[in-house]
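For reference, the structure is listed below as structure tokens.
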Amino acid sequence: MSIVERARGIGIVPVVSIPRLEHALPLAEALLEAGLPCAEITFRTAAAAEAIPRIRPRFPEILLGAGTVLTTEQAETAISAGGEFIVSPGTNLTVVDHCLTNGVTIFPGVCTPTEIEMALSKGVDVLKFFPAEPMGGVKFLQAICAPYKNVRFIPTGGIDTKNVGQYLALPQVVACGGSWMVKPELFEAGDFAKVKQLAGEAVALVRELRG
Ligand code: 3PG
């Protein structure tokens, strides 16, 4: 199964900022036990680079990627650590080229037709729609999908249990990204039971919506 098919099957990509490396394994365990075997570890914290190789061998069944990848160096770090996919907030063609050259799936961020066409010019057609809600949400996505029939999206930014269903109902939506079940405050409090509960609720919601 391709990365995109796996992401579609899961339906939600937890966007995680790990404050400290010791949070990595309890987080992965909570997600897996909740039936949400996916994590985008963002390079917004220093722990990201080491969190990926820590999780990878212990939980090979988790679809594990790196987010907020802004440079080829970060992409390389994530890829060599075992990251299976790369996500970036914007469409940086140097980073896109680096991933494509290395045969690694990248979901570059877009929020305009011009950015979509930049990604398409590289043959990349599954894109992160970011920041989804501030940019106009489902309405904007529906409008922008009209001229780009074959493009698919992973909307992220401002999505939670209240609106995730509206996005997942769109056929062009592969999965939704979101941090609502993996808030760093929960890690700091050691409340991985809450992470598991919120992730489990997210899984139940996807099942209800997609069957
Ligand atoms: C991202 O980087 O994809 C977003 O910050 C996640 O958005 P959220 O925190 O609003 O879910």
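On the protein heavy atoms, probe 1.4 angstrom, tell me the percent of accessible surface of the chain carried by carbon and sulfur.
Result for the chain: 54 percent of the exposed heavy-atom area is carbon or sulfur.
For the range 82-96 and the range 116-176, write down the distance between their C-alpha centroids in whole Å.
Distance between centres, Cα-based: 17 Å.
With every protein chain left in place and a probe of 1.4 Å, what is the accessible surface of GLU33, to the nearest 10 Å²?
For GLU33, the solvent-accessible surface is approximately 110 Å².
How far apart, in nm, are the 7 Å Cα→Cβ label points at ARG20 and GLU201?
Between ARG20 and GLU201, the simple spin-label model gives 2.7 nm.
If ligands, DNA and RNA are left out, what is the accessible area of ARG54 with a 1.4 Å probe, given in Å² to the nearest 10?
110 Å²
Sticking with the crude label model, points 7 Å out along Cα→Cβ, report the distance from GLU188 to THR94 in nm, one decimal please.
3.3 nm
Would you calculate a helix-derived [θ] at 222 nm for the chain, using -39,500 (n - 2.57) for each DSSP H run of n ≥ 4 and dividing by the full residue count, to the nearest 500?
The helix contribution divided over the chain gives -13000 deg cm²/dmol.
Magnitude of the Cβ-charge dipole of the chain, K/R +1 and D/E -1, about the Cα centre, nearest 20 debye?
Computed charge dipole of the chain: roughly 400 debye.
Leaving out ligands, DNA and RNA but keeping every protein chain, what accessible area does SER179 have, in Å² rounded to the nearest 10, with a 1.4 Å probe?
The accessible area of SER179 comes to roughly 40 Å².
Which of the three applies to the range 1-103, rounded, prolate or oblate, going by the alpha-carbon gyration tensor with a ≥ b ≥ c and a/c under 1.5 meaning rounded?
In terms of gyration-tensor shape, oblate.
Rounded to the nearest 20 debye, what is the charge dipole size of the range 157-199 about its Cα centre when +1 sits on each Lys and Arg Cβ and -1 on each Asp and Glu Cβ?
Roughly 120 debye, rounded to the nearest 20.
What number, in percent, do you get for the relative contact order of the range 1-105 if the mean sequence gap of Cα pairs under 8 Å and at least 6 apart is divided by its residue count?
Numbers: 170 pairs, mean separation 24.3, N = 105.
Answer for the range 1-105 is 23 percent.
With a ≥ b ≥ c the root eigenvalues of the C-alpha gyration tensor of the chain, is it rounded (a/c under 1.5), prolate (a/b larger than b/c) or oblate? Present the calculation step by step, with values, prior to reporting the outcome.
On the way: a/c = 1.78, a/b = 1.19, b/c = 1.50.
Verdict is oblate for the chain.
Just in the range 61-135: which GluC sites (Glu not before Pro) are loop by DSSP and have at most 13 other Cβ atoms within 10 Å?
In loop regions of the range 61-135 (DSSP not H, G, I, E or B), the sparsely surrounded GluC sites (Glu not before Pro) are GLU61.
Near LYS128, which lysines are there with a Cα under 21 Å away, not counting those fewer than 8 places off in the same chain?
Those lysines meeting the cut-off are LYS139, LYS149, LYS162, LYS183.
Only Cα pairs within less than 10 Å get springs; with that Gaussian network setup on the chain, which residue of PRO19, PRO184, PRO60 has the largest fluctuation?
PRO60
The values are calculated or read from the model by the stated rules, or taken from the named source; none is laboratory data. Source: prediction; values computed, not measured. Counting neighbours? That spans all protein chains shown, and the Cβs are built from the backbone with ideal geometry, glycine included. Surface areas here come from the heavy atoms of the whole protein model, side chains and all, with no ligands, DNA or RNA. Shrake-Rupley method; radii C 1.70, N 1.55, O 1.52, S 1.80 Å.
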